[in-house]
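The values are calculated or read from the model by the stated rules, or taken from the named source; none is laboratory data. Keep in mind that what you see is a predicted model, and the values were worked out from it rather than measured. No Cβ is skipped: glycine too gets one built from the backbone with ideal geometry, and neighbour counts run over all protein chains shown.
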Amino acid sequence: MTFTDELRARFEDAGQGHVFAHVDSLEPEAAARFAAELAEVDLELVGRLAAVLEVPDGAAADPKLEPCTVINGAEPAEEEWIAGMLSLAAGEVGFVLVAGGQGSRLGFDGPKGAFPVGPLTDRTLFDWHAGRILAAGRRHGFRPTWAVMTSRTNDEATRAFFAENDHFGMPAEDVWFFSQDMLPALDEDGRILLSGPGELFLAPNGHGGTLQALSKSGVLGRFAERGVKTLSYFQVDNPMARPADPLFVGHHVMNGSEMSSKVVPKRDPMEKVGVLGLVDGVLGCIEYSDLSEELRETRTADGDLVFNAGNIAVHMIDCGFVERLNAGGDLDLPWHVARKRISTIDDAGAPIQVDGVKFETFVFDALGRAKATVTLEVDRAEEFSPVKNAEGADSPATCRADLSRLGRSIIGRSGDTVEVDPRAAETADEFAERGLSVIERAGGLLVEPGA
């Protein structure tokens, strides 16, 4: 592909003609690659994003913040449990893993999902999730379908990693890959930034882009062909996520919810995690920084934090709801602005840093568009231990410790490092019912499906 007059005219008319400043210096292969990249840019969207920058920060009045209604997942709910099992057994639930990140923050070269977190083995994040999905298929008698959302930076490596590992025991035709869109970063004046001559500075469009990518890629239609009605959405960094939880599915189904969420109680008022709550009467996620010190510290008569519903990015989302959000051709979610110093080039092609802007959509903003929702509180110790940081809180070390502690609770042992393959058992009851054995291994105890 070349820099046609039509392509140049499109960018010139949009006030973005500067992107061609260095094209004469490009080798033919690089020029063709850049031309193809430019052809994919939605200049109408870029114009709308630039208009977002014209709205001054803080222009809106301070919103009214209130806690939302939360269902306690520890309370008996037999009808919901049965409804969830029936929905799973019917194959009405499909699985969507958000896995577009790299492991660079962990000092790891590769897709984050390929990072090993097994307390005793090198079991990776991808393997933990695959194991839970496969076990759900065995437990409830259905054929799971798993869609993995990648990014431009890790798509090829992710596909190769799955192939090298035989798709972790799932048939290759049941594991689908799709990528989220990338958007050009802009400077403060709304001009598209270049990362180098013939290279746009592109950034992912946020986890909300999952909902758009499902539609654009055709994956949503493929789910429908398999009879899937509801999508189980979860993120790659939390190996304790339970994507096929009958209780969660049942609450979602029986309440006619279009989008449901799992939350955990905050560890303390200062934990920097978003909480689900009402913003001017609309359900959404309230960022830690948006809560005043008074609101963060306020407690109920029982001593619980009023704003206590920590968001763990685990959702049930109806396929019809995703279709509706994409009905106009664009995703019906607000844009969030992330202002950063961005490495780019000046008019002469020299590297510089400028104040730039990236744009993202957030999946939890879809909650405010849903006709009905459910928020279910679950036990952090059983379902949430993300790998986000190289050290300290939410690190590989804390995740391995939590997985081992969970393993000890499953097999009823104490004091040892324990790893229970999720294909084997997810609870102490299941471990006992299946009559599984514990394998002594250097450094601890291991439970595997055939043991």
**Options A35, A21; residue that is free of Cβ contacts under 8 Å to residues at least 40 places away in the same chain, surrounded by 11 or more Cβ atoms within 10 Å (Cβ to Cβ), farther than 19 Å from K358 by Cα and hydrophobic (A, V, I, L, M, F, W, C)** = A35
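Give the residues of segment 20-43 that are among the hydrophobic types (A, V, I, L, M, F, W, C), over 32 Å from the mean Cα position of the chain (by Cα) and assigned to a helix (DSSP H, G or I), sorted by residue number.
As a first pass, look at segment 20-43 and keep what is among the hydrophobic types (A, V, I, L, M, F, W, C): 20-21, 23, 26, 30-32, 34-36, 38-39, 41, 43.
Subsequent filtering for residues that are over 32 Å from the mean Cα position of the chain (by Cα) retains 20-21, 23, 26, 30-32.
Passing the criteria: F20, V23, A30, A31, A32.
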**Complete:** Among strands (runs of 3 or more DSSP E) completely within segment 143-234, the ones holding 2 or more residues that are touching a helix residue (DSSP H, G or I) at 6+ places or on another chain (Cβ under 6 Å) are 146-150, 175-179
**Prompt:** If you check every pair at least six apart or on different chains, which have Cβ atoms under 6 Å apart with a residue in segment 320-348 that is closer than 20 Å to A51 by Cβ first and a residue that is of a type in the set (D, E) second?
**Reply:** L333/D365; P334/D365; H336/E360
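Restricting to segment 269-286, and then to whatever is outside any strand (DSSP E or B) and of a type in the set (A, V, I, L, M, F, W, C), can you tell me which residue is surrounded by the most Cβ atoms within 10 Å (Cβ to Cβ)?
To start, the set of residues in segment 269-286 that are outside any strand (DSSP E or B) comprises 269-274, 280-281.
Retained after the next criterion (residues that are of a type in the set (A, V, I, L, M, F, W, C)): 270, 273.
Values: M270: 10, V273: 18.
Looking at the filtered set, the residue picked out is V273.
For every residue, the table says whether it meets (1) among the acidic types (D, E); (2) under 18 Å from K262 (Cα atoms); (3) within 21 Å of the chain's Cα centre (by Cα); (4) at pLDDT below 95.
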{"residue": "L278", "(1), (2), (3), (4)": "no, yes, no, no"}
{"residue": "E287", "(1), (2), (3), (4)": "yes, yes, yes, yes"}
{"residue": "T300", "(1), (2), (3), (4)": "no, no, no, yes"}
{"residue": "V337", "(1), (2), (3), (4)": "no, no, yes, yes"}
{"residue": "K340", "(1), (2), (3), (4)": "no, no, no, yes"}
{"residue": "S343", "(1), (2), (3), (4)": "no, no, no, yes"}
{"residue": "A348", "(1), (2), (3), (4)": "no, no, no, yes"}
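Let's see how each residue does on (1) of a type in the set (S, T, N, Q); (2) crowded, with 20+ Cβ neighbours inside 10 Å:
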residue	(1), (2)
F201	no, yes
G206	no, yes
S217	yes, no
L220	no, yes
G227	no, no
L231	no, yes
D245	no, yes
V253	no, yes
S257	yes, yes
**Message:** Quick test for you: out of E12, E29, E78, pick the one residue that is surrounded by fewer than 18 Cβ atoms within 10 Å (Cβ to Cβ), within 30 Å of K262 (Cβ to Cβ) and either free of Cβ contacts under 8 Å to residues at least 12 places away in the same chain or not assigned by TED's automatic domain parsing to the domain that holds F177 (or both).
**Reply:** E78
**Search result, residues across segment 417-451 that are part of a loop (DSSP other than H, G, I, E, B) and surrounded by fewer than 18 Cβ atoms within 10 Å (Cβ to Cβ)** = T427, G435, S437, A442, G443, E448, P449, G450, A451
**Item:** Residue, farthest from D402 (Cα to Cα), within segment 84-105, restricted to residues that are surrounded by fewer than 20 Cβ atoms within 10 Å (Cβ to Cβ) and modelled with pLDDT of 95 or more
**Value:** A90
